[in-house]
1. Output the pairs from K78/K100; K63/K100; K79/K100 with a Cα-Cα distance over 21 Å in this structure; if there are none, say none.
2. In the P(r) worked out for the chain, what percent of Cα pairs fall beyond 18 Å?
3. Once phi is turned into θ = phi - 60°, what whole-Hz ³J(HN,Hα) does the Karplus curve with 6.51, -1.76 and 1.60 give for every residue of the range 93-100, x standing for Gly and Pro?
4. Please turn the phi angles of the range 40-48 into ³J(HN,Hα) values with the Karplus equation 6.51 cos²θ - 1.76 cosθ + 1.60 (θ = phi - 60°), one per residue in order, whole Hz, x for glycine and proline.
5. Projecting each Cα onto the charge dipole of the range 30-118 (Lys/Arg +1, Asp/Glu -1 at the beta carbon, about the Cα centre), which of I116, T91, L72 comes out farthest on the positive side?
6. How would F21, F104, F110 line up by accessible area, probe 1.4 Å, largest first?
7. If I take every Cα pair under 8 Å that is 6 or more residues apart in the chain, average their sequence separation and divide by the length, what percent do I get for the relative contact order?
8. Enter the accessible area of H73 (Å², nearest 10), with the probe set to 1.4 Å and all protein chains included.
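The values are calculated or read from the model by the stated rules, or taken from the named source; none is laboratory data. Since we're looking at a predicted model, the values are computed, not measured. Heads up, the Cβs are rebuilt from the backbone with ideal geometry, glycines too, and the neighbour counts pull from every protein chain shown. What goes into the accessible areas is simple: the full protein's heavy atoms, side chains included, and nothing from ligands, DNA or RNA. Shrake-Rupley method; radii C 1.70, N 1.55, O 1.52, S 1.80 Å.
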Amino acid sequence: MSTYAIIETGGQQLRVEPGRFYNIRHFASLIPSQLKQDTKVLIYRVLMIRRESNINIGHPWLKGAIVRGRILHPCLEKKITIYKMVPKKKTRRKLGHRQKSTRFVVDSIFLDGEDIYE
């Protein structure tokens, strides 16, 4: 847990560690037809890397920093229920949807060409 990176992908910022998996709503650079199992993914939008007590912060991104991972499988999030009601008018409407997301695992974190995971 002493080595981690903060990346920006899918409109959100994530704290990622090597060997763990995460759910991302959408990868901005990939076409949905290319999101197949075991597809290699390189993420260059790395905001910060922490290695033990050393912290590297980018402005806005770190140069030479790469998070390497692979896609495990596409999945669906929990169902979101939207309930609209107009009081005193007897108008009710119930909608819902499930967002598509992609589960990926982080294999390694690179800074200036060297793997920093120990």
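1. Working: K78/K100 10 Å; K63/K100 31 Å; K79/K100 10 Å.
Distance filter (> 21 Å) returns K63/K100.
2. Across the chain, Cα pairs with separations above 18 Å total 57 percent.
3. My calculation for the range 93-100 gives 9, 10, 10, x, 7, 10, 7, 7 Hz in order.
4. Residue by residue, the range 40-48 yields 6, 10, 10, 10, 9, 7, 9, 8, 7 Hz.
5. T91
6. Ranking F21, F104, F110 by accessible area, largest first, yields F21, F110, F104.
7. Relative CO of the chain lands at 30 percent.
8. 80
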